[in-house]
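Notes follow once the structure below has been shown.
The values are calculated or read from the model by the stated rules, or taken from the named source; none is laboratory data. Note that the structure is a prediction, hence the values are computed from the model and not measured. Because the Cβ atoms are built from the backbone with ideal geometry, glycine has one as well, and the counts that use them run over all protein chains shown.
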Amino acid sequence: MDENPGVSEEYRMVSPWPLFVALGIPIAEIGILFGLVPLAVGGLLLFCGSIAGILRENEYVSSAWRGLAGVSVFVIAGGLALWYADTATASDLLIRAYSLIGTGVLLLVAGVGGDLFARDAEPGL
C-alpha cells in the first residue's frame, strides 16, 4: 500500500492565483461601487489576469493571452450592460460603465497583441 497515492514531485502543490483573485475582486468592487476609475481598472486587470492564469494553468486554454482576450469579452459585456442601464434609468452609472468598457478594451488589446507578437512569452507563468 502506498502512503502518498497520486503525489508526484512534478506537480506544483500551491497555485499563486487565488491570492491575486482575492485581492482583485475587492479592489475592483470598491472602484466600481464608488466610481473610482483607477481602482476599478487596476482591480479588474488584476482579477482578469489571474483568471487567465488559472485557465492556462489548468490547461483550459492553449495560451494565457487567449484566456485574457476571452475574459475581456465578459468585462466589455458588463460595461455595456451598465451603459444600457444608465440610459434606461435615471441613475449615475456612466463612469462605472466607461471603467468596465475601457478595462475590457485594454484586456482585449493585450490578449490579441500578446497572442500575435509574443507567442513565446507566457504572462505570469
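Data overview
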{"read-out": "Residue match in segment 104-117 (condition: at pLDDT 90 or above, surrounded by fewer than 18 Cβ atoms within 10 Å (Cβ to Cβ) and of a type in the set (Gly, Ala, Ser))", "value": "yes"}
{"read-out": "Filter result for residue 61 (part of a helix (DSSP H, G or I), among the β-branched types (Val, Ile, Thr) and surrounded by fewer than 22 Cβ atoms within 10 Å (Cβ to Cβ))", "value": "no"}
{"read-out": "Tally of residues being of a type outside the set (Ser, Thr, Tyr), in a helix (DSSP H, G or I) and farther than 13 Å from residue 40 by Cα across segment 79-105", "value": "9"}
{"read-out": "Test: residue 114 is more than 13 Å from the chain's Cα centre (by Cα) and within 19 Å of residue 20 (Cβ to Cβ)", "value": "yes"}
{"read-out": "Complete set of residues in segment 38-58 that are crowded, with 19+ Cβ neighbours inside 10 Å and part of a loop (DSSP other than H, G, I, E, B)", "value": "none"}
{"read-out": "First in segment 107-123 and closer than 13 Å to residue 48 by Cβ and assigned to a helix (DSSP H, G or I), second anywhere and modelled with pLDDT of 90 or more and polar (S, T, N, Q), Cβ under 7 Å, 6 or more apart", "value": "107/72; 108/72; 111/72"}
{"read-out": "Residue count, segment 40-66 (criterion: within 17 Å of residue 76 (Cα to Cα) and of a type in the set (A, V, I, L, M))", "value": "7"}
{"read-out": "Single residue of segment 64-73 satisfying the filter (out of contact with any Gly (no Cβ under 7 Å at 6 or more places or on another chain) and surrounded by fewer than 21 Cβ atoms within 10 Å (Cβ to Cβ)) that is nearest to residue 94 (Cα to Cα)", "value": "73"}
{"read-out": "Qualifying residues in segment 1-37 (those that are of a type in the set (Gly, Ala, Ser) and assigned to a loop (DSSP other than H, G, I, E, B)) - the one modelled with the lowest pLDDT", "value": "6"}
